[in-house]
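What follows is calculated from the coordinates using simple rules that are stated; it is not laboratory data. What you see is a predicted model; the values in this text were computed from it and never measured. Note that each Cβ is placed from the backbone with ideal geometry, even for glycine, and that neighbours are counted across all protein chains shown.
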Amino acid sequence: MNTVQPQPPQQSQHLMSVTARPADVFVRGEGAWLWDQAGRRYLDWLQGWAVNALGHCPAVITQALQSQSTQLLTPSPALYNLPSLVLAERLCALSGFDQVFFGSTGAEANEGAIKLARKWGRTGGRAAFEIITFDNAFHGRNLATMAASGKAGWDALFPPNMPGFAKATLNDLDSVHRVLSDRTVAIMLEPVQGEAGVRPATQAFLQALRQLCDERGLLLIFDEVQTGCGRLGELFGFQYYGVKPDILTLGKGLGGGVPMSAVLAQQHCSVFEHGDQGGTYAGNPLMCAVSLAVLQELSQPDFLSQVRERGQQLQEGLLEPAQRYGLGEVRGAGLLWALELGCDNAAQVVQSCREQGLLVNAARPHCLRFMPRLNSTEQEIQAGLSILAGVMTPQRSRVTRGN
């Protein structure tokens, strides 16, 4: 039976078309929920791609914005402002790093980490600049971070590509050794490859990388733009694994819904000099005030234990249909999970879930990704699992017949 597909909003003709979007126009969010222009409510397990750590429009963020917006917005990155100083001190105290540079996006933070590593690589008369990154990694969408990423097809988009990134395979130490050279300055990776379908590094692999970097005099960089700020059930992903990098990047959940990112470095590699790095909105007080409010919530004694508890509920709830319908692997930690579907019908499942009031993401054609707010309730997780369970049976049978 043919169905009439909703037409995109008329105003969309003025937006550059950079991604496929459903026709729905969303106008309001509260906690775990989004409402579209027609008044329909959706349980949101996208949360801005793991951005809204505390859900949509939490009171602590609106209060921080209101309060700070009456005091100081953006003086100049050439001047100190109090929220940035307090936030830097708080992040260092919570993480054990020594210094911070603030940006607006994860790509900006990751490019800052790349710059910092290359600057450090020139110390002591060396000429090391190459960074080992990994197939299927995602580090951002500017030219440097696209070159650092291992996303298939990206090397053909905007040539010539930035040199200086050797690719290895996640959880394969031999592949790292094969691309090591005198030019290598650092190894950079996501502890969990989110865009690749929530593919985690093993603890043994990260420990081996830490040992290799110590032995060879290299820097270890963790991109925790998606996995940091409570997403894995610990405040930072490196704490979840028990392996500390030299440089750490944060984004997404750090702002809880506003554009905020950070590069954290240990003292020995924090080598920027005046003029090396900057940004018009670097450390602006409005965004820093929001991040302080978010961190205050995330660092409460019981908050992360609740993330782990709800994560276990989500994991168990995903394992049930995976086993019942003979699907694939369930991967993840905290409140970042993926479900392998066993065939390339993820887009169909996403559409069916949306029709039933649940927003999820197809990280790959064969894989769903789930990123609920970190303060999800037991009832919200159960509601999402119930919708997913109702969708899976007809979707699975339809695809089986089609094959």
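Brief remarks on what is shown
- Converting the Cα gyration tensor eigenvalues of segment 110-158 into ellipsoid dimensions via √(5λ) gives semi-axes, longest first, of 23, 10, 9 Å.
- Contact order normalised by residue count of segment 59-298, Cα under 8 Å, 6+ apart, percent: 30 percent
- A prolate overall shape is assigned to segment 59-298, the ratio a/c of its alpha-carbon gyration tensor axes (a ≥ b ≥ c) being 1.5 or greater and a/b exceeding b/c.
- Taking 0.36 nm per residue of separation and subtracting the current Cα-Cα distance, fully stretching the chain between Thr393 and Gln296 would add 30.7 nm.
- Charge tally in the Cβ shell below 11 Å around Gln37, where Lys, Arg are +1 and Asp, Glu are -1, Gln37 excluded: 0
- Whole-number percent relative contact order across the chain, with pairs defined as alpha carbons under 8 Å at least 6 apart: 21 percent
- Available extension along the chain between Thr202 and Ala23 is 60.5 nm, counting 0.36 nm per residue and deducting the alpha carbon span.
- Local net charge near His268, Cβ-Cβ under 10 Å (Lys/Arg +1, Asp/Glu -1): -2
- Label zone of Glu329 (point 7 Å out along Cα→Cβ, amide N under 17 Å): in segment 352-368 this covers 363-368.
- Per-residue Cβ neighbour rank within 10 angstrom, fewest leading, His56, His139, His366, His177: His177, His366, His56, His139
- The chain, helix-only ellipticity at 222 nm - DSSP H runs n ≥ 4, -39,500 (n - 2.57), divided by all residues, nearest 500: -11500 deg cm²/dmol
- Taking label points 7 Å from Cα along the Cα-to-Cβ direction, Asp155 and Val60 give a separation of 4.4 nm.
- Of the GluC sites (Glu not before Pro) in segment 272-349, those whose Cβ has at most 12 other Cβ within 10 Å and which sit in DSSP loop: Glu273
- Among Leu212, Leu232, Leu254, residue whose mean-square fluctuation peaks in a GNM of the chain (springs only between Cα atoms under 10 Å): Leu212
- Here the Gaussian network model covers the chain, with springs between Cα atoms less than 10 Å apart; of Val25, Val258, Val176, Val25 fluctuates the most.
- At full extension, Asn142 and Asp276 could sit 46.4 nm farther apart than now, given 0.36 nm per residue minus the alpha carbon distance.
- Gyration tensor verdict on segment 154-216 (Cα atoms; rounded if a/c is under 1.5, prolate if a/b is larger than b/c, oblate otherwise): oblate
- Student exercise, the chain dipole from Lys, Arg, Asp, Glu Cβ charges, in Debye to nearest 20: 640 debye
- Residue order, fewest to most beta carbons within 10 Å, for Cys92, Cys229, Cys213: Cys92, Cys213, Cys229
- Candidates Phe102, Phe158, Phe134, ranked by Gaussian network fluctuation over the chain, Cα under 10 Å, top entry: Phe158
- Cβ crowding within 10 Å, taken as a proxy for footprinting-reagent exposure, orders Tyr42, Tyr325, Tyr80, Tyr241 from fewest neighbours to most as Tyr80, Tyr325, Tyr42, Tyr241.
- In this simple spin-label model, placing a label point 7 Å from the Cα along the Cα-to-Cβ direction at both Gln37 and Gln10 gives a separation of 1.0 nm.
- Calculated log₁₀ intensity ratio I(q)/I(0) where the Debye formula runs over C-alpha points of the chain, q = 0.07, 0.09, 0.13 Å⁻¹: -0.33, -0.56, -1.16
- Using a cutoff of 8 angstrom between alpha carbon atoms and counting only pairs six or more residues apart, the relative contact order for segment 149-255 works out to 21 percent.
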